[in-house]
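Comments concern the structure below.
Derivation of every value follows stated rules applied to the coordinates shown; laboratory data play no part. This structure is a prediction, so every number in the text was calculated from the model and none was measured. Heads up, the Cβs are rebuilt from the backbone with ideal geometry, glycines too, and the neighbour counts pull from every protein chain shown.
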Amino acid sequence: MRLLNPGPRQLAYTLDGPAGAPVVMFSNSLGTRLSSWEAQAEALSGRFRVLRYDSRGHGMSGLFGVDEPGRRGEGYTLAQLGGDVLDLLDALDIETVDFCGISMGGLTGLWLAIHAEHRLRRLVVANSAARIGSAGAWTERAELVLVEGMASVAAGAAGRWFTPDFIARAPATVARLIEGLRTCERRGYAACCLALAEADLRSEIAAITVPTLLMAGAQDPVTTVEHGRMMHEHISGASYVELPASHLSNIEAETAFNRHLLRFLDS
Ligand SMILES: O=C(O)CC1=CCC(=O)O1
């Protein structure tokens, strides 16, 4: 694990793989961290350089000021989440990447494709939407974790992230991710909820020209297949697949996810 700008505005990242190989960058969902891409990093290793990072407020990345006195309950913005990606690429002297994000990370990828398309070769958006949830629900969730702590959202997360079948089949994996959510910094998590409360790219995604692969989970209750199909209709030339999974499809359906990802990266 390496740190860009060690301190309250640090970004934690890993960069693995052969020097000179094309870089594939991964962006995590709300309440997870760069370790959630383990299966993809392994599948790509050898042929690609894999750049993973913890979104601000998550994992080993900093809180970017939301812990400062008087700033309780302040949010990040989607532009800041996208700006962190550009800062990291600039610092590492990486001109272009294939970008793969899930959920909040997918929304970050859509923002980059709209505002910094020259930095993306290809875009993969998994289990995401141009507008995730509603402003009211995200504001409520931010308030809930600030007042009651992360246990209040960790309790119901398995049912949002995975199918009952996967929860029964892979209890240790599910427990590890839920523990990661429970120990997520509440102020960072809340600030990302507030970024999601504001983020709405529905009127902008038609401008995307970066080659795009959209992946949805057939049983995802959060970002549904309807959200995936809506993006597919609006992003010209995009490919769209549905995976046998709920929300964290890169974990629940890692084989199918990796197959589609690699096929797209090789196209
Ligand atoms: O509600 C959840 O935990 C799922 C989710 C919504 C946005 C995101 O990144 O994860």
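What is the P(r) of the chain, as percent of Cα-Cα pairs per 10 Å bin from 0?
P(r) for the chain, in whole percents per bin: 7, 33, 40, 19, 2.
For a quick check: with amide H placed at 1.01 Å from N, whose amide H comes under 5 Å from MET25's, ignoring anything fewer than 5 positions away on the same chain?
The answer is LEU51, ASP98, PHE99, CYS100.
Which distance in nm do the two modelled labels at ARG121 and MET60 give, with both placed 7 Å along the Cα-to-Cβ direction?
2.6 nm
Looking only at GLY17, GLY31, GLY57, which one moves most when the chain is put into a Gaussian network model with springs between Cα atoms under 10 Å?
Comparing GLY17, GLY31, GLY57 in the GNM, the peak value goes to GLY17.
Name the most mobile residue of LEU89, LEU196, LEU112, meaning the one with the largest mean-square fluctuation, in a Gaussian network model of the chain with Cα contacts below 10 Å.
Between LEU89, LEU196, LEU112, it is LEU89 that shows the largest mean-square fluctuation.
Compute the distance from the alpha-carbon center of segment 30-90 to that of segment 107-129, in whole Å.
That distance is 15 Å.
Give the peptides 252-261, 169-178 in descending order of average Cβ contacts within 10 Å, highest first.
Details: 252-261: 19.5, 169-178: 14.9.
The peptides rank, most packed first, as 252-261, 169-178.
Quickly estimate the mean residue ellipticity at 222 nm for the chain, helices only: each DSSP H run with n ≥ 4 gives -39500 (n - 2.57), and the total goes over all residues, rounded to 500. Spell out each step's value before the answer.
Details: 11 runs with 115 residues, N = 267.
Taken over the chain, the calculation gives -13000 deg cm²/dmol.
Using only the alpha carbons, work out the radius of gyration and Dmax of segment 206-267 in angstrom.
11.5, 31
Using every pair of alpha-carbon atoms in segment 15-135, split the distances into 10 Å bins beginning at 0 and state the percent of pairs per bin, rounded to integers.
Cα pair-distance distribution for segment 15-135, in percent: 13, 46, 32, 8, 1.
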